[in-house]
1. Could you order HIS19, HIS214 so the one with the most accessible surface comes first? Probe is 1.4 Å.
2. Do me a favour and compute the ellipsoid semi-axes for segment 67-178 from its Cα gyration tensor, root of five times each eigenvalue, largest one first, whole Å.
3. Taking Rh as the Kirkwood radius computed over C-alpha pairs, what is the Stokes-Einstein D of segment 307-455 at 25 °C in a medium of viscosity 0.890 mPa s, expressed in µm² per second?
4. Under 1.5 on a/c is rounded, so check that first for segment 84-150, then, if it is not, pick prolate when a/b is larger than b/c and oblate when it is not; a ≥ b ≥ c are the square roots of the alpha carbon gyration tensor eigenvalues.
5. Among VAL102, ILE184, VAL144, which residue has its Cα furthest toward the positive end of the charge dipole of segment 41-188, with +1 on Lys/Arg Cβ and -1 on Asp/Glu Cβ?
6. Determine the dipole magnitude for the chain: charges of +1 sit on the beta-carbon of Lys and Arg, -1 on that of Asp and Glu, nothing else is charged, the reference point is the Cα centre, and the result goes in debye to the nearest 20.
7. So what does log10 I(q)/I(0) come out to for segment 151-389 at q = 0.11 Å⁻¹, using the Debye formula with one equal point on every Cα and no solvent?
8. For the chain, which cysteines have no second Cys with its Cβ under 4.7 Å from theirs?
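The values are calculated or read from the model by the stated rules, or taken from the named source; none is laboratory data. As the structure is a computational prediction, the values presented were derived from the model and not from experiment. Here the Cβ is made from the backbone with ideal geometry for all residues, glycine too, and neighbour counts use every protein chain on show. Just the protein is used for accessible areas: all its heavy atoms, side chains included, with ligands, DNA and RNA removed. Shrake-Rupley method; radii C 1.70, N 1.55, O 1.52, S 1.80 Å.
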Amino acid sequence: MDNQKNFYIQTFGCQMNEHDSETLAGMLTELGYTQIFDEKDAQLVILNTCSVRENADQRFFGTLGQLKKLKEKKPGFTVAVCGCMMQQQHIIDTLKAKYPWVDLVFGTHNIHEFPKLIDNVMNERRKLVEVWPDGGEIVEGLPVKRLYPFKSFVNIMYGCNNFCTYCIVPYTRGRERSRRPEDIVAEVKKLAEDGVKEITLLGQNVNSYGVSPHYGGYCYKEEENGVDFAGLLYLLNEIEGIERIHFMTSHPKDLSDRLIQAFVDCDKLCKKIHLPVQAGSTEILRRMNRKYTKEQYLELVKKLRAAVPDIAITTDLIVGFPGETEEDFQETLDLVRQVEYDSAFTFLYSIRKGTPAEKYEDQVPEEVKHDRFNRLVEQIHEIQGRKSRRYQDQIVKVLVEGLSQRNSETYAGHTDFGKTVNFNGTPDLVGKIVEIKVTEAKTFSLWGEVVRVIG
Ligand code: SAH
Ligand code: SF4
Ligand code: F3S
């Protein structure tokens with residue numbers, strides 16, 4: 001075995017976690033480790049976990065079970081686990097009882113401590129469990145090893161204060177804390193200098209950027225000339241070299257007229273919005289603690305489309321929330337038909353320990369949930385196909401990301417409205433923005449031919 005130190009990271013969950021994994025990879029690279037992409041050859045495996053639904057938990061425990069075999073075979077093989085699952089005491093208890101061979105456990109709030117923790121584990125062969133109950137001040141300047149040279153995530157805030165009754169995230173990510181605008185602008189300028197063209201701003205609820213003053217987090221109301229989320233977009237829109245700005249996620253309750261105006265004014269802001277609705281019934285929305293009604297949501301969609309007629313709108317939907325009746329579900333179908341989403345993520349409600357909805361007594365039977373889920377997906381796909389066909393024969397702008405995963409001769413990228421486009425290309429196009437004429441508009445992706453390279 002060679003002496004080169006290497007690591008493998010497996011990431012579960014959302015972009016927030018993907019970005020945290022990039023930070024962990026950045027730290028390990030600074031410590032002299034090499035990232036590899038096959039766990040069997042790794043000396044250190046890190047599992048960055050998600051807890052948003054039960055199947056995420058199960059996948060983690062399944063993977064951990066497999067790693068035990070490697071641990072038995074390879075001396076010195078080290079396993080570290082982190083992420084949202086670790087912020088829950090019942091998970092820590094399970095790990096201690098059933099997986100005592102795990103070497104390092106840390107949480108979402110002390111990622112910056114990782115170099116110190118891993119050093120202790122590797123050099124002193126000590127087992128460590130170090131999880132903080134909540135986040136402290138934001139730590140700036142952590143190293144990041146980005147997966148792509150031409151696009152990047154940028155965290156603008158951490159945590160969530162919304163406490164939707166089904167959701168574990170406020171318990172695993174703590175309270176809302178926003179980064180200072182000058183730190184974000186400096187990071188994006190640096191990214192642009194490094195050749196990044198596309199940034200995705202991350203937060204559980206970006207619309208409340210700068211609203212909550214926690215742990216010294218930025219609060220625009222406390223500053224002279226404070227910058228809210230729309231203000232931040234205007235600042236980032238000015239940065240030379242950046243061509244595209246995306247953000248996610250937006251909570252409908254905080255979507256401001258200023259943000260809608262920013263879509264009109266900021267040429268780099270992609271004309272797409274992910275606006276999770278979760279359900280169509282106002283009563284279910286109330287029980288979910290979403291703080292808007294079906295009518296208010298539809299009104300927002302109307303305002304967005306009035307300002308930006310072609311805006312692509314996507315959403316998240318949960319079926320089978322406790323107490324959901326067939327009538328409630330029909331309201332969801334009705335909303336989906338009225339909005340005509342460009343695409344939607346659909347989830348079966350999953351009970352999360354410690355959330356208010358865990359205690360709701362009227363849980364919906366599994367077979368009813370599945371039946372509704374199938375009907376909803378069918379409706380969404382029908383609309384998605386129809387919406388996608390409007391791009392037939394159009395010229396679309398695509399940031400070329402690399403070879404398509406499906407086919408090793410086809411290249412793929414995304415339009416500025418978030419649609420995947422496949423086409424015959426060459427390696428030199430990767431990282432460039434090209435114009436593509438759509439020759440076939442399918443439900444989930446577009447196919448086309450390059451007509452012009454923009455650069
Ligand atoms: N902060 C984002 C979403 C984060 S979680 C927002 O509020 O929009 C991503 C999605 O997972 C949610 O939008 C919701 O649709 C889904 N989700 C969260 N908790 C869930 C649960 N207990 N069961 C099923 N789906 C859930
Ligand atoms: Fe979860 Fe609601 Fe916060 Fe989104 S807004 S992370 S769904 S609690
Ligand atoms: Fe999962 Fe945590 Fe993201 S629970 S969805 S990884 S914030």
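1. HIS214, HIS19
2. Working: eigenvalues 144, 77, 36 Å².
Largest first, segment 67-178 gives 27, 20, 13 Å.
3. For these conditions, the coefficient is 140 µm²/s.
4. Note, shape of segment 84-150 comes out prolate.
5. The listed residue farthest towards the positive side: VAL102.
6. With Lys and Arg at +1 and Asp and Glu at -1, about 700 debye.
7. Values, matching the q order: -0.61.
8. For the chain, the answer is CYS14, CYS50, CYS82, CYS84, CYS160, CYS219, CYS266, CYS270, because their Cβ atoms have no other cysteine Cβ under 4.7 Å.
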